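Engineer: This is the structure I have questions about; it appears just below.
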Amino acid sequence: MEKNSGMRMKSVVGAVMLLSVCVLGGCTTYWYQEGKSFRQAKHDLTVCQTAVRQRSPDREMEAYDGKLLRQCMEEQGYRRVRGNALPAGLMRESSPVFGVPGVAGTIE
């Protein structure tokens, strides 16, 4: 029994370390468009999220929702950029959902 809990603890520690390295190393992605303010980027993301919810009210279609959101943001000129590749001095807000891009833009 103790051997099993030791292996489980190693798995948890490994997952936490991987997540920490990823977050600190810039794995987090952001919707970014050069010249757009943070406020505008956040507004544009909200507009796209609203449009996706209207087109796909069935919550079982979440993978499809992600495609629609990506398409909407890309049509507005945004691209997904890793945090460590963003220009310095931008305001950033990570998504509360791991793996989902946040937003980044210039400070007004």
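Laboratory data are not the source of any read-out in this text; all were calculated from the coordinates shown. These numbers come from a predicted model, not from an experiment. FYI the Cβ positions are ideal-geometry reconstructions off the backbone, even for glycines, and counts take in every protein chain you see.
Engineer: Fewest Cβ neighbours within 10 Å first, please rank K42, K36 accordingly.
Structural biologist: Numbers: K42 18, K36 21.
In order of increasing Cβ crowding within 10 Å: K42, K36.
Engineer: Tally Lys and Arg at +1 and Asp and Glu at -1 over the other residues with C-beta under 14 Å from the C-beta of C27: what net charge comes out?
Structural biologist: Numbers: positive: R80, R82, R92; negative: none.
Charge balance near C27 sits at +3.
Engineer: Over the alpha-carbon set of the stretch 28-105, work out the extent along each principal axis and list the three values in angstrom, largest first.
Structural biologist: 39, 22, 16
Engineer: Once amide H atoms are built 1.01 Å from N in the peptide plane, which residues 5 or more positions from T28, or in another chain, come under 5 Å H to H?
Structural biologist: The list, which skips near neighbours in sequence, is G83.
Engineer: Further question on the same structure: With θ set to phi - 60°, apply the Karplus curve 6.51 cos²θ - 1.76 cosθ + 1.60 along the stretch 43-54 and write out the HN-Hα couplings as whole Hz, x wherever there is a Gly or Pro.
Structural biologist: Values, residue by residue: 4, 4, 5, 4, 4, 5, 4, 5, 4, 5, 4, 5 Hz.
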